[in-house]
Amino acid sequence: MTVSFRGVIPAMVTPFKNGDLDEEALRRHVNFLLEAGVHALLPCGTTGESPTLSHAEHKRVIEITIDEAKRRVPVLAGTGSNSTREAIEMSAHAKAAGADGLLLVSPYYNKPTQDGLRAHFAAVARAAPLPIILYNIPGRCGVEILPETILSLSKIPEIVGVKEATGDLNKMIRTIELCGPDFLVTSGDDGLTLPLLAVGGGGVISVAANIIPGPMVEMWDLFEAGDLAGSRRLFFKLLPFFKALFLETNPIPIKFVMSLAGRMSAEMRLPMLEPSGPVQERLRALALEWKIANARAN
């Protein structure tokens with residue numbers, strides 16, 4: 001398992017048009033991200049509104065991303081589910097389509113035990129052997145993958161890392177301490193990217209990188225070059241942007257900002273709605289400040 005998922009990986013938004021998948025906008029978005037130098041692509045994560053995609057749409061988004069990426073960077077396909085059988089089906093499809101790795105969210109709603117989590121992820125790894133990044137987001141799933149459970153899962157060759165979205169830096173540090181430097185711990189929260197890098201993290205699966213991929217890559221490059229002061233300055237410049245993108249539930253704000261940039265429609269699917277008036281105004285001001293409000297897609 002030699003493919004690397006270190007660095008800046010956009011958690012890609014999924015564009016819609018008149019209720020359907022906007023395939024043209026999705027292809028444009030892939031190229032916009034790659035031209036900015038991102039290190040991998042993640043279709044069909046939370047930011048991609050995967051809960052509202054049909055199975056056919058989910059598979060199509062992964063296929064388009066792989067096709068348009070043209071092997072320029074790895075594609076990490078979101079294929080998790082609260083049904084192990086469904087996660088295996090989606091993962092097998094992604095593998096057959098040419099994905100380089102899988103992002104597997106913890107089973108949500110049914111709240112398995114830690115033993116159940118271990119059995120779930122191990123079953124997918126056996127059925128669809130690709131590099132797997134676990135996705136630890138208890139705020140959405142109702143269950144947390146504990147550091148000790150991550151340690152046991154790290155012994156499975158296919159399981160190479162974890163996307164940490166607990167918001168608990170101490171637990172992330174504990175995971176790095178337990179699993180060692182060869183196991184990837186990547187941030188699922190833009191606002192914790194630099195703190196996690198400083199203690200041995202391996203990058204970020206980023207919401208903000210959908211619209212400002214260049215600055216996100218620059219922050220990573222500065223850190224990797226040993227310029228901690230430069231990386232810190234850029235991090236604090238970006239921090240208000242990170243915060244604004246979570247004024248309401250992700251991906252509501254980022255989808256709206258993408259529309260201000262002219263890159264795709266702000267259209268979402270119920271139960272997600274467009275931002276409230278005050279949030280729209282804050283996002284408009286932010287877009288103007290960053291000079292992205294009048295951008296147009298390539």
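The values are calculated or read from the model by the stated rules, or taken from the named source; none is laboratory data. These numbers were taken from a predicted model, which means no experiment stands behind them. FYI the Cβ positions are ideal-geometry reconstructions off the backbone, even for glycines, and counts take in every protein chain you see.
Based on this model, can you work out whether Val3 counts as over 23 Å from Arg140 (Cα atoms), in contact (Cβ under 8 Å) with a residue 60 or more places away in the chain and not in a helix (DSSP H, G or I)? Reasoning before the result, please.
Working: over 23 Å from Arg140 (Cα atoms): yes; in contact (Cβ under 8 Å) with a residue 60 or more places away in the chain: yes; not in a helix (DSSP H, G or I): yes.
Taking the combined requirement at face value, the residue satisfies it.
For the stretch 113-142, which residues satisfy the criterion of being buried (at least 21 other Cβ atoms within 10 Å of the Cβ), over 23 Å from Ser4 (Cβ atoms) and among the aliphatic types (A, V, I, L, M)? Leu117, the sole residue that qualifies.
Of the residues contained in the stretch 265-276, none is found to be over 14 Å from Asp190 (Cα atoms) and outside any loop (DSSP other than H, G, I, E, B).
Regarding Ala40, is this residue of a type in the set (A, V, I, L, M, F, W, C), modelled with pLDDT of 95 or more and more than 18 Å from the chain's Cα centre (by Cα)? So Ala40 fails the test.
Could you tell me how many of the residues in the stretch 47-105 are among the polar types (S, T, N, Q) and assigned to a helix (DSSP H, G or I)? Of the residues in that region, 5 qualify. Annotation: of all residues in the stretch 225-244 being of a type in the set (Phe, Trp, Tyr) and at pLDDT 95 or above, the one that is farthest from the chain's Cα centre (by Cα) is Phe236.
Taking the condition touching a residue at least 60 places away in the same chain (Cβ under 8 Å), touching a His at 6+ places or on another chain (Cβ under 7 Å) and not aliphatic (A, V, I, L, M), does Gly37 pass? Walk me through how you get there before you give the answer.
Working: touching a residue at least 60 places away in the same chain (Cβ under 8 Å): yes; touching a His at 6+ places or on another chain (Cβ under 7 Å): no; not aliphatic (A, V, I, L, M): yes.
When the stated conditions are applied, Gly37 does not pass them.
Any residue at all in the stretch 182-201 that is within 22 Å of Leu76 (Cβ to Cβ), part of a helix (DSSP H, G or I) and either in contact (Cβ under 8 Å) with a residue 60 or more places away in the chain or more than 17 Å from the chain's Cα centre (by Cα) (or both)?
First, the residues of the stretch 182-201 that are within 22 Å of Leu76 (Cβ to Cβ): 182-194, 196-197, 200-201.
Filter once more, keeping what is part of a helix (DSSP H, G or I): 190-194, 196-197.
Then keep just the ones that are either in contact (Cβ under 8 Å) with a residue 60 or more places away in the chain or more than 17 Å from the chain's Cα centre (by Cα) (or both); that gives none.
No: zero hits.
Annotation note: Cβ proximity below 6 Å between a residue of the stretch 213-230 that is under 12 Å from Ala198 (Cα atoms) and a residue that is assigned to a helix (DSSP H, G or I) (sequence gap 6+ or interchain) occurs for Phe223/Leu197; Phe223/Ser231. Can you report the number of residues in the stretch 168-190 which are in contact with a helix residue (DSSP H, G or I) (Cβ under 7 Å, 6 or more places away or on another chain) and either exposed (fewer than 14 other Cβ atoms within 10 Å of the Cβ) or β-branched (Val, Ile, Thr) (or both)? Looking only at that region, the number is 2.
Residues in the stretch 91-111 include at least one that is closer than 26 Å to Leu245 by Cβ and surrounded by fewer than 19 Cβ atoms within 10 Å (Cβ to Cβ). Give me the residue from the stretch 128-152 that is in a loop (DSSP other than H, G, I, E, B) and under 24 Å from Lys243 (Cβ atoms) and, out of that set, nearest to the chain's Cα centre (by Cα). By that ranking, first place goes to Ile137.
Selection within the stretch 1-18: residues that are farther than 15 Å from Pro51 by Cα and of a type in the set (Gly, Ala, Ser). The member of this set that is nearest to the chain's Cα centre (by Cα) is Gly7. Inspect the stretch 169-179 for any residue being closer than 26 Å to Ile62 by Cα, more than 18 Å from the chain's Cα centre (by Cα) and not aromatic (Phe, Trp, Tyr) and give the result as yes or no. No, because not a single residue in the stretch 169-179 is closer than 26 Å to Ile62 by Cα, more than 18 Å from the chain's Cα centre (by Cα) and not aromatic (Phe, Trp, Tyr).
Residues in the stretch 267-279: is at least one surrounded by 14 or more Cβ atoms within 10 Å (Cβ to Cβ), of a type in the set (Lys, Arg) and in contact (Cβ under 8 Å) with a residue 24 or more places away in the chain?
We begin by selecting, within the stretch 267-279, every residue surrounded by 14 or more Cβ atoms within 10 Å (Cβ to Cβ); these are 267-268, 272, 274-275, 279.
So of that shortlist, the ones also of a type in the set (Lys, Arg) come out as none.
Within the stretch 267-279, not a single residue is surrounded by 14 or more Cβ atoms within 10 Å (Cβ to Cβ), of a type in the set (Lys, Arg) and in contact (Cβ under 8 Å) with a residue 24 or more places away in the chain.
Sub-6 Å Cβ pairs linking a first residue in the stretch 8-25 that is assigned to a strand (DSSP E or B) to a second residue that is small (Gly, Ala, Ser) and surrounded by fewer than 17 Cβ atoms within 10 Å (Cβ to Cβ), at least 6 apart or interchain, are Lys17/Ser265, ordered by first then second residue.
Kindly check whether there is at least one residue in the stretch 153-167 that is assigned to a loop (DSSP other than H, G, I, E, B), of a type in the set (D, E, K, R) and in contact with a helix residue (DSSP H, G or I) (Cβ under 7 Å, 6 or more places away or on another chain).
Initial filter on the stretch 153-167 (assigned to a loop (DSSP other than H, G, I, E, B)): 154-158, 165-167.
Still in the running and of a type in the set (D, E, K, R): 155, 158.
Now narrow it down to the ones that are in contact with a helix residue (DSSP H, G or I) (Cβ under 7 Å, 6 or more places away or on another chain): 158.
Among the residues of the stretch 153-167, at least one is assigned to a loop (DSSP other than H, G, I, E, B), of a type in the set (D, E, K, R) and in contact with a helix residue (DSSP H, G or I) (Cβ under 7 Å, 6 or more places away or on another chain), which makes the answer yes.
Scanning the stretch 26-39 for residues that are at negative phi and not in a helix (DSSP H, G or I) yields Ala36, Val38, His39.
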